[in-house]
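*Asks:* So that we are looking at the same thing, I have put the structure below in structure tokens.
The values are calculated or read from the model by the stated rules, or taken from the named source; none is laboratory data. No experiment lies behind these values; they were computed from the predicted model shown. No Cβ is skipped: glycine too gets one built from the backbone with ideal geometry, and neighbour counts run over all protein chains shown.
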Amino acid sequence: MSRRDIEILPHMVYHRGYAVRMETYIPDPNIDPFPVVPVFELDRMEDVRNAIDRGYLDFAAAYGDLYRMTPLDISPNGGAAAAPPYERTRTHMVEAGGYAVAMQIEFAHPGSPWGAGIPLPDSERAQATHQALKRGDLQTAAQYGKVYRLEPVDVVPVVKPWRPSERHSEGEPVK
């Protein structure tokens, strides 16, 4: 598979007050009609969680950039609840500009064979949160959920993190 056949997806894995920025190869949907995250990517995410659980931050840093999530004490509207009162919710993390917001979203169609999705109002809230974080407007972002500062952890990884964006398909570094 050549570099044209793939796309590199940077994503964050959040676990127990830490965040790891990882990269994943995603196949081109024009070539593979059902692009999926390869199973080894799910294993890598589980390895990151296990390393953090056991306190091996140098192993967790071997999978990508490691950050400590420090909660900020920002309460909008005099401490009013920011999460909507949904029955079937999940915590969704939105990250930009060195900050992350933990917001509650509702599952749409949880019994669907295609899996649960995010309804349009929650998607719009996530986009508004992302735009507020990009602008550095933490007060607006705090209206949607709990705000965290992502602070880099000073640890030497056991091995250099795997970053497909730094290589050509031939194995040479991107210049």
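*Asks:* What pairs come up if the first residue lies in the stretch 13-26 and is on the phi > 0 side of the Ramachandran plot, the second is β-branched (V, I, T), and their beta carbons are under 8 Å apart, counting only those six or more places apart or on different chains?
*Replies:* R16/I52
*Asks:* Hey, any hits in the stretch 103-122 for a residue that's under 30 Å from Y56 (Cα atoms) and modelled with pLDDT under 95?
*Replies:* Yes, because at least one residue in the stretch 103-122 is under 30 Å from Y56 (Cα atoms) and modelled with pLDDT under 95.
*Asks:* Follow-up question, since we're still on this one. Of everything in the stretch 29-52, what is at pLDDT 95 or above and over 19 Å from P161 (Cα atoms)? Give them in sequence order.
*Replies:* none
*Asks:* Report yes if A83 is within 26 Å of H130 (Cα to Cα), modelled with pLDDT under 65 and not basic (K, R), otherwise no.
*Replies:* Against the criterion (within 26 Å of H130 (Cα to Cα), modelled with pLDDT under 65 and not basic (K, R)), A83 qualifies.
Listed here are the residues, each with its yes/no results for (1) of a type in the set (A, V, I, L, M, F, W, C); (2) surrounded by 15 or more Cβ atoms within 10 Å (Cβ to Cβ); (3) touching a Ser or Thr at 6+ places or on another chain (Cβ under 8 Å); (4) at positive phi.
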{"position": "A126", "(1), (2), (3), (4)": "yes, yes, no, no"}
{"position": "H130", "(1), (2), (3), (4)": "no, yes, no, no"}
{"position": "A142", "(1), (2), (3), (4)": "yes, yes, yes, no"}
{"position": "Y148", "(1), (2), (3), (4)": "no, yes, yes, no"}
{"position": "V156", "(1), (2), (3), (4)": "yes, no, no, no"}
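*Asks:* For the list (1) touching a strand residue (DSSP E or B) at 6+ places or on another chain (Cβ under 8 Å); (2) surrounded by 13 or more Cβ atoms within 10 Å (Cβ to Cβ); (3) at pLDDT 90 or above, I need the number of the one condition that K134 fails.
*Replies:* Evaluating K134 over (1) touching a strand residue (DSSP E or B) at 6+ places or on another chain (Cβ under 8 Å); (2) surrounded by 13 or more Cβ atoms within 10 Å (Cβ to Cβ); (3) at pLDDT 90 or above leaves (2) as the failure.
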